[in-house]
Structures are given as structure tokens and as C-alpha cells.
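The values are calculated or read from the model by the stated rules, or taken from the named source; none is laboratory data. The structure displayed is predicted, hence computed values, not measured ones. Note that each Cβ is placed from the backbone with ideal geometry, even for glycine, and that neighbours are counted across all protein chains shown. The area values use the complete protein model at the heavy-atom level, side chains included, leaving out ligands, DNA and RNA. Shrake-Rupley method; radii C 1.70, N 1.55, O 1.52, S 1.80 Å.
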Amino acid sequence: MSVQLNHTIVEARDKQEAAAFFADILGLPKPTAYGPFLVVQTANGVSLDVIEMDEPVHPQHYAFLVTEDEFDQIFGRIRERQLEYWADPGLTRQGQINRNDGGRGIYFRDPDGHLLEIITRPYGG
């Protein structure tokens, strides 16, 4: 099957702040403008198209598969910013790293309340 996810729209109160957060925390290239969006490109070709909203933002969940080295770098930036993080999507295991499927994973929030996840192994893998 050749179906692939190409992009997703990410709601933000301030698209400059949100797009910069995604790029900085994840170590991705600087966002580029495309129409009303600031586009953050990931390594697998899927983009996060950040759009500014006047209405309340509806928090979503975005999971990123990263290498062990990338995990260390991203986790370092999370700790530098003193962001809260959890080992589970229910946010009950604060300050812990999960070890699911022999990898590592954490959840943390962006400035708009989206729940971001970094994992080093796909679940069920």
C-alpha cells in the first residue's frame, strides 16, 4: 500500500512560538512559511503545519519516533527548559521514562497544551 501521511495541522495561539518550539525541542530545521502556516518538516517527510487560532486550541497528541542519540538530545533540551515530563499518556508517572518494548519514551506538553511523545521504539515492536 502506498498511502502515507503527508502533513497534519497543529493549532496554536502563537504560530511563531509554537513552530519554533517544535523545531528547537526536536532539533528540526527552522520553520518555513506556506500560506497561513509555519511548516515544521520532519525527517520522514511528514510536516507539522502550524496555524494560529483566535479560538481556544484543541490539544492533540503527536508522537515522534527518534533514535537513541536523538532521544538523549531532546531529553536534554526538555530538562534544560525544566519542562514536566511523564512516562505515560495518563500523566501519572511524572519525572519517569518508560521502557516499553525495550526502548525509551516520555510525554511532555508544548506551550499550547499538545501532548508530545518521543519514543525510540515503535510500540508493539
For the stretch 18-28, does any single residue satisfy the condition of being modelled with pLDDT of 95 or more, open to solvent by 50 Å² or more (accessible area, probe 1.4 Å) and closer than 27 Å to Gly76 by Cα?
yes
Just the residues that are assigned to a strand (DSSP E or B) and either in contact (Cβ under 8 Å) with a residue 24 or more places away in the chain or more than 10 Å from Gln16 (Cα to Cα) (or both), please, taken from the stretch 34-48.
Tyr34, Phe37, Val39, Val40, Gln41, Ser47, Leu48
Residue ID - least open to solvent (accessible area, probe 1.4 Å), chosen from residues in the stretch 59-94 that are without any contact (Cβ under 8 Å) to a residue 12 or more places away in the chain and closer than 16 Å to Leu115 by Cβ
Gly90
